[in-house]
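The values are calculated or read from the model by the stated rules, or taken from the named source; none is laboratory data. Since the model is a prediction, treat every value here as computed from it, not as a measurement. When the accessible area is computed, the model is the full protein with side chains, heavy atoms only, and any ligands, DNA or RNA have been set aside. Shrake-Rupley method; radii C 1.70, N 1.55, O 1.52, S 1.80 Å.
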Amino acid sequence: MADTRWVNSGDSHVIEPLREWVEELPERLHTVLPHVVVHDDHEDVILDGQTFRRRRPSAPRIEFAEKSQGPPSAGDVTKRLTDMDAEGVWGEVVFPTVGMWSSSYRTLDDHRTIVQFGNDWLKRELLDRSPRFVPAAQMPMLSVDDAIAELQRCAGLGFHCVHLATTPAVGVPDYNDEVWEPFWANAEEASVVVSFHVGTDPVDFETGRVRGPVHSGPGDAVLNYTETSFTGQRVAMKLVASGALDRHPDLRILIAEAGAAWVPALGDRMNEAYAHHSPIVLHPLERSPKEILFAQIYATFQHGESAPLVAAELGYRNVMWGRDYPHLEGTWGHTQQVIDGVYASCDARVADRITRGAFAELFPHVGEPPANDWPAGADGADAAEAPTA
Ligand code: MN
């Protein structure tokens, strides 16, 4: 594959093998794990003693769901590197799938046990297998003390990235609360990147939907997917406005799958509030909100056409590409065309930064991907001649 451009991905996923997990976990935890029980006319989604009922999907939706599982290697980590090589992906952040439900548990001890079990599995199956995998260890979401303890344990195990839900579990203080201060301090001290992946807000089992805005009716599929990007933006806002990132300038935050072009606009808005509402701003910052956002927030996009332009024209250097493997909205099967599009839309030095450099800055241990000498050198020459997607 002489024509492959090698890149890194800041947003990929692994599908945990629950059938294997239940053989190792104590029996009482089997029904605590998120799972679906199918009936004739409906199915029950069950998590930690909570159930919501939903209609069984129609035939086209089942086909859609099967397609969204992506390539066979999505659930087979032994084949994953082969698949990455075929796509030109060198290193990647790997988020859990079952682990994305963490903010919806309610039983403290069971949740802690399952999170630790899942992180030990990530270490065994990904972290220890290749430095090209950067698994994001899931943090317990029912107790800040538990989250701090698991952060310290995972840093000790060698994890370089941990994952928090975009909104804490019900009853746990939000991320702008000072109760989280030791968590940020520990992450900074351990040089662990703290990531937030969209789609991880708590679920309301009364309605079977996430807490927060949910749309139905015309346009609902697009509305609900787009809505998730705001959950990533809200986390960034809270960490900046509360001063958490200002107090910890070496702490780096990865906002995954919320797009990246929003960062400068959000910075403008926050600067406006900070400057013009100064009499009621009770938490002074050493740096402006936009400066903090630009320095410490890394944001991933898959297909966004504006993201490269924001990096090229507006000075936001931490735009990071991610393939969202193996999801339907990801780039599996057309990754190289998408990367061609990035290189076609901006200077090759900027494209290198977006597709390789920003990731390498967060995770230098992964090592450099093979050099891209087709059709432009990494020095940025001939970028205008790159083919379009
Ligand atoms: Mn993703």
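Of note:
- Residue-wise HN-Hα couplings along region 21-37, as the Karplus relation 6.51 cos²θ - 1.76 cosθ + 1.60 with θ = phi - 60° gives them from phi, are 4, 5, 6, 9, 7, x, 4, 5, 8, 4, 8, 7, 4, x, 7, 10, 10 Hz; Gly and Pro carry x.
- Here the accessible area of region 7-366 is 53 percent carbon and sulfur, with a 1.4 angstrom probe and all protein chains present.
- Here's how it looks for S9: its modeled amide H is under 5 Å from those of W90, G91, E92, V93, which are all 5 or more places away or on a different chain.
- Note: relative contact order over region 7-366, using C-alpha pairs below 8 Å and six or more positions apart, is 18 percent.
- Rounded to whole numbers, the Karplus 3J(HN,Hα) couplings from phi for region 103-114 are 7, 9, 6, 9, 9, 3, 5, 5, 4, 4, 4, 5 Hz, using 6.51 cos²θ - 1.76 cosθ + 1.60 with θ = phi - 60°, and x at Gly and Pro.
- Gyration tensor (alpha-carbon) shape descriptor, region 83-156, a/c threshold 1.5: prolate
- With θ taken as phi - 60° and the Karplus curve 6.51 cos²θ - 1.76 cosθ + 1.60 applied, the whole-hertz 3J(HN,Hα) list for region 196-209 is 9, 9, 5, x, 10, 5, x, 8, 8, 6, 5, 10, x, 10 Hz, x standing for glycine and proline.
- Annotation: per residue accessible area for the chain equals 45 Å², rounded to a whole number [probe 1.4 Å, protein chains only].
- Within region 126-229, all pairs of alpha-carbon atoms sorted by distance into 10 Å bins from zero give the percentages 14, 39, 28, 17, 3.
- Cα gyration tensor shape for region 7-366, rounded if a/c is under 1.5, else prolate or oblate: rounded
- Exposure rank, largest accessible area first [K290, K79; 1.4 Å]: K79, K290
- Alpha-carbon centroids, region 266-307 and region 195-217: separation in whole Å: 25 Å
- Interchain or long-range residues, amide H under 5 Å from Y298's placed H: I253, L254, I255
- Helix-only mean residue ellipticity at 222 nm for the chain, each DSSP H run of n ≥ 4 adding -39500 (n - 2.57), per residue, nearest 500: -11000 deg cm²/dmol
- Distant-in-sequence amide H partners of C161 (H built 1.01 Å from N, under 5 Å): A137, V193
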